[in-house]
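This report concerns only the one structure given below.
The values are calculated or read from the model by the stated rules, or taken from the named source; none is laboratory data. Bear in mind the structure is a predicted one, so any value in this text is a computation, not a measurement. Here the Cβ positions follow ideal geometry from the backbone for every residue, glycine too, while neighbour counts run over all protein chains shown. What goes into the accessible areas is simple: the full protein's heavy atoms, side chains included, and nothing from ligands, DNA or RNA. Shrake-Rupley method; radii C 1.70, N 1.55, O 1.52, S 1.80 Å.
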Amino acid sequence: GKPPAALIVPGGWAKGKAKHLGGPGIVEIQKYVGEGGNYLGFCGGAGLGLSGAGGLCLSCWQRKGFENRLHHFLSGHINVKLDQSNPLVPDSLGESALIPVWWPGQFSPNKCDSTTALGRYREPGNDFWVADLCISSLPEGTLNDWHNMYGISLLPEFLHDRPAVVCGQTGKGKFILSYPHLETPASAQANIWLSHILDRMLGQETQDRPTLPAWELADTPTHWEDPDLVSVRKSLEQIIATGQG
């Protein structure tokens, strides 16, 4: 009886979210947005907002399939060219922003509704990884040699100019779907954009807010001294250390 100003849906498995919502849950979200609500979805939350099996159909765009699974195992920051004419893009970012992705899906555009791109992918940043390879750490010419030898390109050229963040309207409401994770800690430009989007959704003036601090999992305090959980944590830390080594 008292709808929120916005519904924010985090990342994860879009089909899993739809399954747990069920038909009645999906209808309720569609009704909420259609009557004037705001939907903001990241990664899996973005995929949930699309059309197709189990989607909310806020946009008629669908999720693009993957012909090469390496095209999915991407992480790190990537430059995104911004639509500066759209009020959902803050002027302070200029023409482009360096924002993070974590195994992102891709949009399959369709001209049947108002969905438009707020940002499009450009070149990767220095911390960009494909699977377990940091692209910038490889010696010059390595990627070309591998491409000639194996016929596989590890550069994310297939992303160039593809939509990264989109927006649109359904009924009286609006949606923003972002495969990049604008909520990632210690990502200054992504956090500026997220803050601006939230201000616009809430109908308030844009405010200057600090970048979200880095999330140091190793320093997280223990609030519940359960011996089994402590043992699991130590085992996970050992597994992570082995992978890093």
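Taking 22 Å as R0, compute the FRET efficiency from the Cβ-Cβ separation of E35 and Q204 and round it to 0.05.
Efficiency at R0 = 22 Å is approximately 0.55.
What whole-number distance in Å separates the alpha-carbon centres of segment 63-118 and segment 157-180?
7
Return the carbon/sulfur percentage of the accessible area of segment 121-245, one whole number, probe 1.4 Å, all protein chains in place.
It is 55 percent, rounded to a whole number.
Could you do me a favour and compute the accessible area per residue for segment 164-242, 1.4 Å probe, result in Å²?
Value for segment 164-242: 65 Å² per residue.
Please compute the length gained on full extension between T142 and E225, using 0.36 nm multiplied by the number of residues separating them and subtracting their Cα-Cα distance.
25.0 nm
Between M149 and E28, what is the label-to-label distance in nm when each label sits 7 Å out along the Cα-to-Cβ direction?
5.5
Taking only protein heavy atoms into account and a 1.4 Å probe, give the accessible area per residue of segment 1-104 in Å².
Accessible area per residue, segment 1-104: 50 Å².
Using R₀ = 51 Å, calculate the FRET efficiency as 1/(1 + (r/R₀)^6) where r is the Cβ-Cβ separation of E95 and I239; round to 0.05.
The pair E95/I239 has a calculated efficiency of 0.75.
Counting pairs of Cα atoms in segment 28-150, how many percent are more than 16 Å apart?
Roughly 71 percent, once rounded to a whole number.
Go ahead and set up a Gaussian network model of the chain, Cα springs under 10 Å, then flag whichever of F73, F175, F42 fluctuates most.
Looking only at F73, F175, F42, the largest GNM fluctuation is found for F73.
Just the number, please: Stokes-Einstein D of segment 139-235 in µm²/s, Kirkwood Rh from C-alpha pairs, 4 °C, 1.567 mPa s.
70
Could you work out [θ]222 nm for the chain from helices alone, using -39500 (n - 2.57) per DSSP H run of at least four and dividing by all its residues? Round to the nearest 500 deg cm²/dmol.
Rounded to the nearest 500, it is -9000 deg cm²/dmol.
Quantify, in whole percent, the carbon and sulfur part of the accessible surface of segment 22-100 (1.4 Å probe; protein heavy atoms only).
Here carbon and sulfur together make up 50 percent of the probe-accessible area.
Straight-line reach from K17: which lysines have Cα under 27 Å away, leaving out those fewer than 8 places along the same chain?
K2, K31, K64, K111, K172, K174
Between W13 and K64, how many nm apart are label points set 7 Å from Cα along the C-beta direction?
So the label points at W13 and K64 sit 2.5 nm apart.
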